[in-house]
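Accompanying notes for the structure given below.
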């Protein structure tokens, strides 16, 4: 016999996962009580200089995945410390870095 959870749940999971990615939603926790999905602010687009270097944005408040994706697109090496939301970074915002530079970002968890 078949149950709704066996048939519908996997399809529902796929649909919701695609919607979360499409709307760029990330989880947020307020006072540790509830978890709600809210649209995440976007990091500025990667704009390489003529020599391939880039100017680092302020990563604070962005998720692990958002920072990882930005650094990958910029051609930089991601060196995370923790997971969750970014709380600080070794290289200050506004620093010009060359391709392949390791970027250390500390996360809240």
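Using 0.36 nm times the number of residues separating residue 23 and residue 108, minus their current alpha carbon distance, what extension gain do you get? Before the final figure, lay out each step's value.
Values: separation 85, 0.36 × 85 = 30.60 nm, distance 2.35 nm.
Gain on extension, residue 23 to residue 108, equals 28.2 nm.
In this rough spin-label picture, where each label sits 7 Å from Cα along the Cβ direction, the residue 91-residue 14 distance is 4.0 nm. For segment 41-109, just say rounded, prolate or oblate: build the C-alpha gyration tensor, square-root its eigenvalues into a ≥ b ≥ c, call rounded for a/c under 1.5, and beyond that prolate if a/b exceeds b/c, oblate if not. Prolate shape, in that a/c is at least 1.5 and a/b is the bigger ratio.
I need 15, 103, 87 ordered by Cβ neighbour count within 10 Å, fewest first. Don't jump to the answer; show the numbers that get you there.
Numbers: 15 10, 103 20, 87 15.
Fewest-to-most Cβ neighbours within 10 Å comes out as 15, 87, 103.
Readers should treat all values here as calculations from the given coordinates under stated rules, not as data from a laboratory. All values reported here derive from a predicted model rather than from experimental measurement. Glycine gets a Cβ as well: all are built from the backbone with ideal geometry, and neighbour counts include every protein chain shown.
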